[in-house]
Amino acid sequence: MWPHDLDSVVSGSLLEKLRERYCIPEEFVLVAPDPGQRAYDPIPRGFALTLDALEAGLRLPLHPIIVSCLSLWRISPSQVAPNSWRYLVAFLGECYYANITHTRNLFLSCFRLFKGSGGYFLSARASFRVGGAPSNNKGWKGRFFYVSWSRDWGFGVRWAARAIDNTAPSLNNEDCRGLERLREILPGSQAIRAMNEQWLAEAGLSPAAQGMFKLLSLRDGRSSSASSPRSSADPLPVSEDAPLEVLEGRPSKRAQVVGSGKAKAGSTKPRVAGMKRAEREEGPSRDIGGPSQGVAGKRSRPPAMDDLCGIRAGDDEPLWSLVMG
């Protein structure tokens, strides 16, 4: 018996909220499990995914480096503990903001994958440390849903027990230079605490449209723009054709969702914009807006995951929510 022998608390109505909140394109079909269905049950052209993985920064479609790692490990995404996604996403984001070319070999030179009693997890190699992740994510195994896609995922979607080879890979000269810079960056990284949807989108880790981050919010009867993880003096670059103020590019509130095998048709498809990497001068750029600089100002937070799921977290069960600012 797999250690994930649990019913899911995720309902079809919750999936509607998740699609909007985490900018999941309509091409991905979301299904709420029926009682008795398990995360390891095979489904056509898909697999189980946990809410905690989304909270950790994992987005659909999956980043090519993530696809490459899953292909190498030969395991399904829901077998990976949530903190491991935080490390992978933080690595990719820090590489982007520091102008380091991210490769699978570079990532595997920073982290190793281990098999535990409850699944697989990443651990930093010697001389690496990434802070900010919760010490545990109790209950994550019961917060799963199914996702299917008409295209090839690029890795095997069925659950499997695999022996992991953690031999450090060979690096080329560019990877070696990147590794030395990451030795300095990762120990002080604030990426896990500071990441939000805008941070993910600019780093190419979320399909969110650029315009959604300029939405006006009402605070105490007056409108103001939501804060981002960057300093207010260093705003994110916006393309010339991106909307400056509101409304354009916001994902549809009623996207297609399948709950317990029944589909709910959405009115319109969400606008999914591809993020172009901004041109940068050579040399480190973390000091002009990378996540390690912390978070400026107060943020308007969306409902936390325990609110969405209708469950309450205990002292030993931290539930982290990404800011959509």
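Descriptive notes on the structure:
- Computed from backbone phi, the HN-Hα couplings of the range 30-47 come to 9, 10, 7, x, 7, x, x, 7, 10, 5, 8, 5, x, 10, x, 6, x, 7 Hz, rounded to whole numbers (Karplus: 6.51 cos²θ - 1.76 cosθ + 1.60, θ = phi - 60°; Gly and Pro given as x).
- Amide hydrogen neighbours beyond the local backbone of R125, cut-off 5 Å, H modeled: F111, R112
- Per residue, the convex hull spanned by the alpha carbons of the range 9-114 comes to 117 Å³.
- The overall shape of the range 147-207, judged from the alpha-carbon gyration tensor, is oblate: a/c is not under 1.5, and a/b is no greater than b/c.
- Shown in residue order for the range 146-160 are the 3J(HN,Hα) couplings computed by the Karplus curve 6.51 cos²θ - 1.76 cosθ + 1.60 at θ = phi - 60°: 9, 10, 10, 8, 6, 9, 6, 6, x, 7, x, 9, 7, 5, 7 Hz (x for Gly and Pro).
- Restricting the range 1-80 to trypsin sites (Lys or Arg not before Pro) in coil, as DSSP defines it, with at most 15 other Cβ within 10 Å: R45, R74
- For the pair N173 and D7, a Förster radius of 51 Å applied to the C-beta separation gives a FRET efficiency near 0.50, rounded to the nearest 0.05.
- Cα-projected label distance for S71 with A126, points at 7 Å along beta-carbon direction, nm: 3.2
- Rg(Cα)/(2.2 N^0.38 Å) for the range 91-196, N = residue count: 1.23
- Scanning residues 5 or more positions from Y120 or on other chains, those with amide H under 5 Å from its amide H are V80, A81, with H placed 1.01 Å from N in the peptide plane.
- Listed by Cβ neighbour count within 10 Å, with the fewest neighbours leading, Y87, Y22, Y120 appear as Y120, Y22, Y87.
Read-outs throughout are calculated quantities, based only on the coordinates presented, and are distinct from any laboratory measurement. Just so we're clear, the structure is a prediction, and the values are computed from it rather than from any experiment. Note that we place each Cβ from the backbone using ideal geometry, even for glycine, and neighbour counts take in every protein chain shown.
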